[in-house]
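The values are calculated or read from the model by the stated rules, or taken from the named source; none is laboratory data. Computed from a predicted model, the values in this text were never measured in an experiment. Virtual Cβ from ideal backbone geometry, glycine too; neighbours counted across all protein chains shown. Accessible surface is based on the protein model in full, side chains and every heavy atom, while ligands, DNA and RNA are left aside. Shrake-Rupley method; radii C 1.70, N 1.55, O 1.52, S 1.80 Å.
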Amino acid sequence: MFDFALTHAWLIPLLPALAFLIIGLGTRQDKDTSAKIAITMSALSFLLALGVAGAVITRPVVMADPFVMKTLWAKVGDIELFMGVLVDPLTAMMLFVVTTVALLVQIYSVGYMAHDPGAGRFFAFLSLFASSMLGLVLSVNFMQMYAFWELVGLCSYLLIGFYYYKDSAREAAKKAFITTRIGDFGMLLGILLVQLTFGTLDFLELKALLPTYIWETGGGILTVIALLLFIGPIGKSGQFPLHVWLPDAMEGPTPVSALIHAATMVVAGVYLVGRAYFLFSALPVVLEVIAWVGGFTAIFAATIAITQRPFKRILAYSTISQLGYMMLALGVGSLTASMFHLMTHAFFKALLFLCAGAVIEAMHEEADIFKMGGLKERMPVTFRCMTIGVLAIAGVPPLAGFFSKDAILAAAAEVSTPLYILATVTAFLTAFYMARLLFVAFFGEVKPDCPAQETNAWMRWPLVVLAALSVVSGVWGHFAGFGEWVFHGPITEEHISWQIAGTSVALTLLAFFLAYEIYVAKRWSSYEISRRLGVLYTLSYNKYYIDEIYTVIRNTFVDKFGAVLYWFDLHIVDGIVNGLARFTGGLSGVLGLAENGQVQRYVTVFYCGAIALVAYSLVFAWLVLSVLGGAF
């Protein structure tokens, strides 16, 4: 079975794509049949992904010697572009994560979208989304990855704007699509430079050519290439300053949020850096840029999350912060810690978002956590799963986030004290805002008009499975040797400094204590604290006015510059073109008087022309004779 799964790994993205086609062309109006098709195809992809993981474990498929299948896709001149499958331990891990989360989200969506008339369309888009990410993971070269990268962006546009009749959903979809296009343009330039520099886009060929190229020419042009490529992950993975699309992506249905924020779109950027780490790791300047962009994004988003009120928006800024953690790990040279955290984060963040969906649906679409309260009594299963998710992301041992987060802290401490301090403060803030979310929404007294009750079985069981994964994935990854299994390299061996871990856990417990004292025991007034913080609270609550700054830039520079270009195009460019057209039209009108298709007019003109010619000849002859007569 393992060999079959490995040689047929190309079916893993193809099966959800077939579900998209079948639902889109045939069963879109039948939501039950559409759900069955989507879940069946996702389940088959999941089984194949398990088979691939088994093949990687049992066969000598390692990072240095991956399994590759490829075929010619297109040929442009002398340039050959291939499409294929690259399977190594990193691919196997990503396939397992994406298919697992996608399958659970599909199952959850049966209950969540039960009363939505557009459920068939939703399952079609969700299947295409999973297919796009799986195709990206299996890519053998930059061009194939870029094709699926853009398809992921298209799917996010379709799903974020799923409720297209809402202005906010349409605007959020456009914002996500346009913002990520900025990053994608930089990435495309980097890919073109790779082709021009090396003559190939194949990952394995590039890895083989890179050492010789650096030895002969240095890293100047490579630094430019790597920075351009990194702009793509800045946009896709919501890094500052292109993070603004990600919180607004909450306008889509909650299962979309779980898939985007956990296992597909936002981790695509982290995965790209990991897949091309042979390039980034060879350039210390680029690694430093990645580390500081990730570190700043992590703490920047965390300081926003502590003041937000909507349930899913808090989780959205949490995602931005955790993605910053992953980039920080890559920047300090720990590919293992980054990928380990990507895996654990996928499970507990999907769990948190699906819990959010259950709560918001139970509250009849009310998302403000301060309008909730006492939900642990009304929704006990959701509460227990939410608690596990909160403890996991906060890094409480022995849950998943403890092992992966503290591996990042240990890696940062070895490379840079400022980055370690920044990451540690971020860990404290993460524990605080997640505890705030849990305490405010689930503790306290039940609101008198609270409609909440426990969700249906379709939505409950995915929560239970993800909660279990949030418990065991970190323990497995640490004690089973995640880094040794995946990367087999001393630079990427994950480890935990128990001194650092002890400090992190102490700060986490302190954050939980402070949140309890403020929001449950209420010994300190949250209102008074926010008042004393003054401008700091205002800046955080308003997200540092980044969106407003971008609006001013757009209105002041982009729109006005566009207006100038429009005037130039309308009056100068069009003026010249239209002037030439009017001149030609006028001239043709004059000439057309003699070319109207009437025979009698042609005879008249011919007769008049003949008379004029005879008259001209007579006058000319008379003049000649007069001159000659005068001469004699």
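Please verify whether Phe300 is farther than 30 Å from Pro253 by Cβ and modelled with pLDDT of 95 or more, treating the condition exactly as stated. It is false that Phe300 is farther than 30 Å from Pro253 by Cβ and modelled with pLDDT of 95 or more.
Residues that are within 22 Å of Tyr317 (Cβ to Cβ) and buried (at least 24 other Cβ atoms within 10 Å of the Cβ): does region 360-368 have at least one? No, region 360-368 contains no residue that is within 22 Å of Tyr317 (Cβ to Cβ) and buried (at least 24 other Cβ atoms within 10 Å of the Cβ). Report whether or not Ala301 is farther than 21 Å from Ile260 by Cα, touching a Ser or Thr at 6+ places or on another chain (Cβ under 9 Å) and aliphatic (A, V, I, L, M). Taking the combined requirement at face value, the residue does not satisfy it. Within the option set Leu136, Leu159, being of a type in the set (A, V, I, L, M), farther than 22 Å from Pro253 by Cα, assigned to a helix (DSSP H, G or I) and in contact (Cβ under 8 Å) with a residue 40 or more places away in the chain holds for one residue only, Leu136. Residue-level analysis places Ile12 outside the set of residues that are open to solvent by less than 30 Å² (accessible area, probe 1.4 Å), assigned to a helix (DSSP H, G or I), more than 29 Å from Thr336 (Cα to Cα) and hydrophobic (A, V, I, L, M, F, W, C).
Please determine whether any residue of region 336-349 is touching a residue at least 60 places away in the same chain (Cβ under 8 Å), touching a His at 6+ places or on another chain (Cβ under 7 Å), assigned to a helix (DSSP H, G or I) and under 17 Å from Val267 (Cβ atoms).
The answer is yes; a qualifying residue exists.
Among the residues that make up region 521-544, is at least one of them under 19 Å from Leu437 (Cβ atoms), part of a loop (DSSP other than H, G, I, E, B) and open to solvent by 80 Å² or more (accessible area, probe 1.4 Å)? Yes, region 521-544 has at least one match. Among residues of region 48-61 that are under 14 Å from Leu134 (Cα atoms), those with a Cβ under 8 angstrom from a residue that is modelled with pLDDT of 90 or more and outside any helix (DSSP H, G or I), sequence gap 6+ or separate chain, pair up as Leu48/His8; Leu48/Ala9; Val52/Ala9; Val52/Val87. The requirement of being under 28 Å from Trp10 (Cβ atoms), open to solvent by less than 50 Å² (accessible area, probe 1.4 Å) and among the aliphatic types (A, V, I, L, M) is satisfied by Ala130.
Any chance you could count how many residues in region 1-26 are of a type in the set (A, V, I, L, M, F, W, C) and under 17 Å from Leu95 (Cα atoms)? Talk me through it step by step, then tell me what you get.
Quick first cut of region 1-26, residues of a type in the set (A, V, I, L, M, F, W, C) only: 1-2, 4-6, 9-12, 14-15, 17-23, 25.
With the extra rule that they be under 17 Å from Leu95 (Cα atoms), the set shrinks to 1-2, 4-6, 9-12, 14-15, 17.
Residues meeting the conditions: 12.
When you scan region 551-570, do you find a residue that is among the polar types (S, T, N, Q), at pLDDT 85 or above, over 19 Å from Ile178 (Cβ atoms) and open to solvent by less than 60 Å² (accessible area, probe 1.4 Å), even just one? No: region 551-570 contains no residue that is among the polar types (S, T, N, Q), at pLDDT 85 or above, over 19 Å from Ile178 (Cβ atoms) and open to solvent by less than 60 Å² (accessible area, probe 1.4 Å). Inside region 50-98, residues that are assigned to a helix (DSSP H, G or I) and either small (Gly, Ala, Ser) or surrounded by 12 or more Cβ atoms within 10 Å (Cβ to Cβ) (or both) make up a count of 18.
On the given criteria, is Gly199 on the phi > 0 side of the Ramachandran plot and of a type in the set (Gly, Ala, Ser)? In short, yes. Residue-level check: of (1) surrounded by 24 or more Cβ atoms within 10 Å (Cβ to Cβ); (2) of a type in the set (Ser, Thr, Tyr); (3) not in a helix (DSSP H, G or I), Thr307 misses just (1).
Quick check on region 188-209. Is at least one of its residues open to solvent by less than 30 Å² (accessible area, probe 1.4 Å), touching a helix residue (DSSP H, G or I) at 6+ places or on another chain (Cβ under 6 Å) and either without any contact (Cβ under 8 Å) to a residue 40 or more places away in the chain or charged (D, E, K, R) (or both)? No: region 188-209 contains no residue that is open to solvent by less than 30 Å² (accessible area, probe 1.4 Å), touching a helix residue (DSSP H, G or I) at 6+ places or on another chain (Cβ under 6 Å) and either without any contact (Cβ under 8 Å) to a residue 40 or more places away in the chain or charged (D, E, K, R) (or both).
For region 239-292, how many residues are polar (S, T, N, Q) and open to solvent by 10 Å² or more (accessible area, probe 1.4 Å)?
So in region 239-292, the residues polar (S, T, N, Q) come out as 239, 254, 257, 264, 281.
From what is left, the residues that are open to solvent by 10 Å² or more (accessible area, probe 1.4 Å) are 281.
Result for region 239-292: 1.
Among the residues of region 377-391, is there at least one that is open to solvent by less than 10 Å² (accessible area, probe 1.4 Å) and in contact with a Lys or Arg (Cβ under 6 Å, 6 or more places away or on another chain)? Looking through region 377-391, none of the residues is open to solvent by less than 10 Å² (accessible area, probe 1.4 Å) and in contact with a Lys or Arg (Cβ under 6 Å, 6 or more places away or on another chain). Within region 164-174, the set of residues being in a loop (DSSP other than H, G, I, E, B) and either within 22 Å of Ser131 (Cα to Cα) or without any contact (Cβ under 8 Å) to a residue 12 or more places away in the chain (or both) comprises Tyr164, Tyr165.
Selection within region 167-196: residues that are more than 19 Å from Val273 (Cα to Cα) and of a type in the set (S, T, N, Q). The member of this set that is farthest from the chain's Cα centre (by Cα) is Ser168. Only one entry of Ala5, Ala19, Ala9 meets the criterion of being modelled with pLDDT under 90 and under 17 Å from Gly135 (Cβ atoms), and that entry is Ala5. Does region 136-149 include one or more residues that are within 13 Å of the chain's Cα centre (by Cα), crowded, with 24+ Cβ neighbours inside 10 Å and of a type in the set (Ser, Thr, Tyr)? The answer is no; no qualifying residue exists. Number of residues in region 392-409 that are aliphatic (A, V, I, L, M), crowded, with 24+ Cβ neighbours inside 10 Å and more than 18 Å from Ile306 (Cβ to Cβ) equals 6.
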